[in-house]
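Asks: The following block contains the structure, expressed as structure tokens.
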Amino acid sequence: MELVEMIRNIPDFPVEGILFRDITTLIKDPDAFQEAVDALLDSCVGQEIDLVVAIEARGLIFGAPMAYELGAGFVPVRKPEKLPGEKIAASYTLEYGTNVLEMHADAIEPGQRVLIVDDLLATGGSAKATAELVERLGGEVVGFVFLIELTDLRGIDKLKGYEVFSLIEY
């Protein structure tokens, strides 16, 4: 199955000039969803992973089943005011504005090996901010896994020094 053909393009969303890669058409198909998760898991073979950290919102869709299959814990990184309890935060720039991500302050123990998962690598801002959160808590980022990478936006440049896997590149 060609997973790239399962992704719908939505022009001018969320703002004019952005071509949104809509994965809901992929994840509603059980075979495509399973193939995508399996392919992302294949990129992790041989790695020791204690935690999967997934970025809200669509990263959670892939991160949770990956954590389950890897026998790892799962940590969500969320937008502001979505997590209860003590949190740490990092801000970042994206292709059409700025945002903040938060993680529970007790989510990671020093030395834990962390895989960061998201659906899309665009400018790299949210991925880099998430790595900063993990590392502030003493975790070791073993790599990043993305369903899609928008190569023209060069987000991978912000992730120099890390292992990065993207299943689909545009």
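A short reminder: the numbers here are calculations on the coordinates, not readings from a lab. Quick caveat: nothing in here was measured; it's all calculated off a predicted structure. Here Cβ is always computed from backbone atoms with ideal geometry, including for glycine, and neighbour counts include all displayed protein chains.
Asks: Scan segment 133-143 residue by residue and report those that are in contact with a strand residue (DSSP E or B) (Cβ under 9 Å, 6 or more places away or on another chain) and either surrounded by 24 or more Cβ atoms within 10 Å (Cβ to Cβ) or not in a strand (DSSP E or B) (or both). Outline the logic, then answer.
Replies: Step one: of segment 133-143, the residues in contact with a strand residue (DSSP E or B) (Cβ under 9 Å, 6 or more places away or on another chain) are 133-137, 139-143.
Selection gives LEU133, VAL134, GLU135, ARG136, LEU137, GLY139.
Asks: Here's something else I'd like to know. Tell me, which residue of segment 102-116 that is outside any strand (DSSP E or B) and touching a strand residue (DSSP E or B) at 6+ places or on another chain (Cβ under 8 Å) is surrounded by the fewest Cβ atoms within 10 Å (Cβ to Cβ)? Talk me through it step by step, then tell me what you get.
Replies: Residues of segment 102-116 that are outside any strand (DSSP E or B), as a first pass: 105-112.
Going one step further and asking which of them are touching a strand residue (DSSP E or B) at 6+ places or on another chain (Cβ under 8 Å), we end up with 105, 107-108, 111-112.
Values: ALA105: 15, ALA107: 23, ILE108: 24, GLY111: 9, GLN112: 20.
Checked segment 102-116; the qualifying residue surrounded by the fewest Cβ atoms within 10 Å (Cβ to Cβ) is GLY111.
Rundown of residues vs (1) within 16 Å of ILE148 (Cβ to Cβ); (2) in contact with a Pro (Cβ under 8 Å, 6 or more places away or on another chain); (3) exposed (fewer than 15 other Cβ atoms within 10 Å of the Cβ); (4) basic (Lys, Arg), yes/no style:
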residue	(1), (2), (3), (4)
ILE7	yes, no, no, no
GLU16	no, no, yes, no
LYS28	no, no, yes, yes
GLN34	no, no, yes, no
LEU60	yes, yes, no, no
GLY73	no, no, no, no
GLU81	no, no, yes, no
GLY85	no, no, yes, no
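Asks: Going residue by residue through segment 148-160, is there one that turns out to be under 14 Å from the mean Cα position of the chain (by Cα), free of Cβ contacts under 8 Å to residues at least 24 places away in the same chain and under 30 Å from GLU16 (Cα atoms)?
Replies: no
Asks: Among the numbered conditions (1) assigned to a strand (DSSP E or B); (2) surrounded by 23 or more Cβ atoms within 10 Å (Cβ to Cβ), tell me where THR130 comes up short.
Replies: (1)
Asks: Still on this structure: Tally up the residues in segment 61-101 that are touching an Asp or Glu at 6+ places or on another chain (Cβ under 9 Å), free of Cβ contacts under 8 Å to residues at least 40 places away in the same chain and not in a strand (DSSP E or B), please.
Replies: 8
Asks: Right, another one. Please verify whether ILE168 is in a strand (DSSP E or B) and aliphatic (A, V, I, L, M), treating the condition exactly as stated.
Replies: Details: in a strand (DSSP E or B): yes; aliphatic (A, V, I, L, M): yes.
Here the answer is yes, as ILE168 does meet what is asked.
Asks: Name the one entry in VAL77, VAL4, VAL100 that is more than 16 Å from the chain's Cα centre (by Cα) and either closer than 23 Å to ILE156 by Cα or among the hydrophobic types (A, V, I, L, M, F, W, C) (or both). Even if it seems obvious, please write down each step before you answer.
Replies: Details: VAL77 fails: more than 16 Å from the chain's Cα centre (by Cα); VAL100 fails: more than 16 Å from the chain's Cα centre (by Cα).
Of VAL77, VAL4, VAL100, the one residue that is more than 16 Å from the chain's Cα centre (by Cα) and either closer than 23 Å to ILE156 by Cα or among the hydrophobic types (A, V, I, L, M, F, W, C) (or both) is VAL4.
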